[in-house]
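The values are calculated or read from the model by the stated rules, or taken from the named source; none is laboratory data. It should be emphasised that the depicted structure is a prediction, and the values quoted were computed from it without experimental measurement. Methodologically, a virtual Cβ is constructed for each residue, glycine included, from the backbone with ideal geometry; neighbour enumeration extends over all protein chains shown.
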Amino acid sequence: MIANAMSAAEKLVEEKAIERIVHDYAYYLDMNQPEKMVELFVDDCMVSYAPNFGATGIEAYKLTLDGIGTFFRGTSHHVSGVVIDWVSETEVNLRAVVLAIHRYTKERPDGVLYGQYHDVVVKQDGKWKFKTRILKTTMTTDYHVKTSNPIGRTE
């Protein structure tokens, strides 16, 4: 937790703004609005959805979004359990639980992913944005990506 530089009320206001981008990300993905998703990231972002599936930098990230309108007929991302750990007044570590359901344009069963987002979120020019977004997968059902970043559960 950061030193008491911010009041409890200020932290709550900032945390609501941080949570908002987590939910906006899911909404923009489900609504097939990749241009809005890009606005949620800093230029030097790093994203990893699975080994060998992600991007470093905003231009590379934009390329990962090309298929959301053609590969999926629809998606439904449910995000909960958002936990924010303050690093500084302009940086937080965030984790959230995600359940993501994917309806494909090809004839195949719907794919389901159960996992967590592990993010670094920074405040730039007065707005909170993702600097790092790592999707860690617990399990999947009929999901199109066959490899994943494991949760790292203690056995």
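One residue alone among Val42, Val92, Val47 is touching a Gly at 6+ places or on another chain (Cβ under 6 Å), part of a strand (DSSP E or B) and either aromatic (Phe, Trp, Tyr) or buried (at least 18 other Cβ atoms within 10 Å of the Cβ) (or both), and that residue is Val47. Looking across Ala26, Ala50, Ala17, Ala55, one residue alone is among the small types (Gly, Ala, Ser) and more than 17 Å from His118 (Cβ to Cβ). It is Ala17. Among the residues of this structure, Asp119 does not count as one that is surrounded by fewer than 16 Cβ atoms within 10 Å (Cβ to Cβ) and modelled with pLDDT of 95 or more. Given the criteria in contact with a helix residue (DSSP H, G or I) (Cβ under 9 Å, 6 or more places away or on another chain) and more than 25 Å from Ile151 (Cβ to Cβ), does Ile58 qualify? Against the criterion (in contact with a helix residue (DSSP H, G or I) (Cβ under 9 Å, 6 or more places away or on another chain) and more than 25 Å from Ile151 (Cβ to Cβ)), Ile58 qualifies.
Among the residues of the range 36-55, not a single one is free of Cβ contacts under 8 Å to residues at least 24 places away in the same chain and polar (S, T, N, Q).
Among the residues examined, Glu10 does not qualify as under 16 Å from the mean Cα position of the chain (by Cα) and either farther than 21 Å from Leu113 by Cβ or touching a residue at least 60 places away in the same chain (Cβ under 8 Å) (or both). Selection of first residues in the range 125-136 that are of a type in the set (Gly, Ala, Ser) and at pLDDT 95 or above and of second residues that are assigned to a strand (DSSP E or B) and surrounded by 18 or more Cβ atoms within 10 Å (Cβ to Cβ), restricted to Cβ pairs under 6 Å at least 6 apart or on distinct chains, gives an empty result. Just one residue in the set Gly74, Gly57 is surrounded by fewer than 18 Cβ atoms within 10 Å (Cβ to Cβ), more than 13 Å from the chain's Cα centre (by Cα), of a type outside the set (S, T, N, Q) and closer than 19 Å to Ala26 by Cα; that residue is Gly74.
Residue check: is Val13 β-branched (Val, Ile, Thr) and farther than 27 Å from Ile151 by Cβ? So Val13 fits the description; yes.
Does Ser76 fit the bill of being closer than 26 Å to Thr140 by Cα, without any contact (Cβ under 8 Å) to a residue 60 or more places away in the chain, outside any loop (DSSP other than H, G, I, E, B) and of a type in the set (Gly, Ala, Ser)?
For Ser76, the condition - closer than 26 Å to Thr140 by Cα, without any contact (Cβ under 8 Å) to a residue 60 or more places away in the chain, outside any loop (DSSP other than H, G, I, E, B) and of a type in the set (Gly, Ala, Ser) - is met.
Of the listed requirements (1) buried (at least 18 other Cβ atoms within 10 Å of the Cβ); (2) part of a loop (DSSP other than H, G, I, E, B), Trp128 misses just one: (2).
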